[in-house]
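Trainee: Handing you this structure, nothing more for now.
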Amino acid sequence: MATALVTGASRGIGRAVARRLADDGHDVALGYAASADAAGELAAELRALGGRAVAVGADLADPAAADALVDAVEAQLGPVEILVANAGVNTPGRRVEEISLEEWDRLHAVNLRAPFLLARRVLPGMARRGFGRIVLLSSVAAYTGGIIGAHYASSKAGLHGLAHSLSQQASGDGVTVNVVAPALIESDMLPGGPDTRAALAESLPVGRLGRPEEVADLIAAVVRNGFLTNQSILLDGGRHPT
Ligand SMILES: NC(=O)c1ccc[n+]([C@@H]2O[C@H](COP(=O)([O-])OP(=O)(O)OC[C@H]3O[C@@H](n4cnc5c(N)ncnc54)[C@H](OP(=O)(O)O)[C@@H]3O)[C@@H](O)[C@H]2O)c1
């Protein structure tokens, strides 16, 4: 089994991914920004079940944080062999003329620059050791533009190019790089109250919202599969065929 770093593991999808990778027998580092208690509680729960798990704080808007996060994880659990770059931020639906430079930069810093910095830090070691898995969390917005705004769609679309480039470099060394792009998963990030959520659920062919555990299940399969690389997988309840 391997050592996994899951960013944004305090809540939502990342929390479910960390739990699932631990269930599958991996050692897990849970990255968080503000939710220290939630991340720490999950790490303690996973340790109580017999696994190795640590929670490590890092504000990935800070360009120095990615290397520091991996350094801290590797000091406690050993080399990162699985990276799930999941941490992400959005701001509510906006017309392009309402997006400030600060918002644009912040979303790109967390959603796109941090995955690049994390991959840059872990990929050479993975390649040297002949094994690695990198999974980047995109969004349906990368394909359609989505409902958040140009800043979010752009930051997510950039992950696809990043994955293609990393995959070309590393797949021959046993390192797979893939993108998982969810949509309308029940989490804090989903916009609106109960009525909005119900309408969003009805708009999907499957007739309901997705669950964080369903994203985690797909990511676990991506991690297991050494022949799957350079792919983007959309998980959206059937709305957009790719
Ligand atoms: N939910 C959906 O329907 C959906 C759809 C498409 C794509 N996605 C993508 O899936 C990923 C997970 O989304 P989610 O729905 O689980 O979101 P969420 O519930 O809002 O959780 C976001 C996670 O990212 C972390 N995070 C936020 N800012 C950070 C920063 N500056 N540095 C480090 N960590 C930071 C948060 O940590 P703290 O709690 O510590 O602040 C939290 O763990 C995101 O990349 C998102 O864009 C989600």
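Every read-out reported here was derived from the displayed coordinates using simple, explicitly stated rules and does not represent laboratory data. Computed from a predicted model, the values in this text were never measured in an experiment. Quick reminder, even Gly has a Cβ in these numbers, built from the backbone with ideal geometry, and neighbours come from all protein chains shown.
Trainee: Around residue 25, with a cut-off of 12 angstrom between Cβ atoms, what is the net charge of the other residues, counting Lys and Arg +1 and Asp and Glu -1?
Mentor: 0
Trainee: Sticking with this one: Antiparallel DSSP bridges in the stretch 1-134: what percent, to the nearest 5? Don't jump to the answer; show the numbers that get you there.
Mentor: Numbers: 0 of 14 bridges.
Restricted to the stretch 1-134, the bridges split so that about 0 percent are antiparallel.
Trainee: Can you put 233, 219 in order, fewest other beta carbons within 10 Å first?
Mentor: With the sparsest Cβ surroundings first, the list reads 233, 219.
Trainee: Sum -39500 (n - 2.57) across every DSSP H segment of at least 4 residues in the chain, then divide by the residue count to get the 222 nm mean residue ellipticity, nearest 500.
Mentor: When only DSSP H runs of four or more count, the value is -14000 deg cm²/dmol.
Trainee: If you average the C-alpha positions of the stretch 115-145 and of the stretch 149-193 separately, how far apart do those two centres end up, in angstrom?
Mentor: Using only Cα atoms, the two centres lie 9 Å from each other.
Trainee: Using Cα-only point scatterers and the Debye equation, what is log10 of I(q)/I(0) for the stretch 115-242 at each q in 0.13, 0.15 Å⁻¹, rounded to two decimals?
Mentor: -0.56, -0.72
Trainee: Let me ask something else about it. What whole-number value in cubic angstrom gives the convex hull volume per residue for the C-alpha atoms of the stretch 1-118?
Mentor: It is 93 Å³ per residue.
Trainee: How big is the dipole moment of the chain about its Cα centre under a simple scheme where the beta carbon of each Lys and Arg is +1, that of each Asp and Glu is -1, and everything else is neutral? Debye, nearest 20, please.
Mentor: Using Cβ point charges on Lys, Arg, Asp and Glu, the chain gives about 520 debye.
Trainee: A follow-up question, please. Over the stretch 1-100, what is the relative contact order in percent, taking alpha-carbon pairs closer than 8 angstrom and at least six residues apart?
Mentor: Reported relative contact order: 32 percent.
Trainee: Now for a different question. In the chain, if the dipole is taken from +1 on Lys/Arg beta carbons and -1 on Asp/Glu beta carbons about the Cα centre, which of 126, 14, 189 is farthest to the positive end?
Mentor: 126
Trainee: Between Rg and the Kirkwood Rh of the chain, both from Cα atoms, what is the Rg to Rh ratio?
Mentor: A ratio of 0.95.
Trainee: Restricting everything to alpha-carbon atoms, can you work out Rg to Rh for the stretch 179-242 with a Kirkwood hydrodynamic radius?
Mentor: The Rg/Rh ratio comes out at 1.02.
Trainee: Something else now. Contour minus end-to-end for residue 164 and residue 188, with contour as 0.36 nm per residue of separation and end-to-end as the Cα-Cα distance?
Mentor: 5.7 nm
Trainee: Between residue 91 and residue 128, what is the label-point separation in nm under the 7 Å Cα-to-beta-carbon projection?
Mentor: Result for the modelled spin labels: 4.0 nm.
Trainee: Taking 0.36 nm per residue of separation and subtracting the Cα-Cα distance, what length does fully extending residue 206 through residue 47 add?
Mentor: Numbers: separation 159, 0.36 × 159 = 57.24 nm, distance 3.59 nm.
Value of the extension gain: 53.6 nm.
Trainee: Evaluate the relative contact order of the chain (contact order divided by residue number), counting alpha-carbon pairs under 8 angstrom at least 6 apart; express in whole percent.
Mentor: RCO, the chain: 19 percent.
Trainee: Round to the nearest 0.05 the FRET efficiency obtained for residue 36 and residue 105 when R0 = 25 Å and r is the Cβ-Cβ distance.
Mentor: Efficiency for this residue pair is about 0.50.
Trainee: Related question: Amide H neighbours of residue 52 under 5 Å, counting only residues 5+ apart in sequence or on other chains, H built in-plane at 1.01 Å?
Mentor: 28
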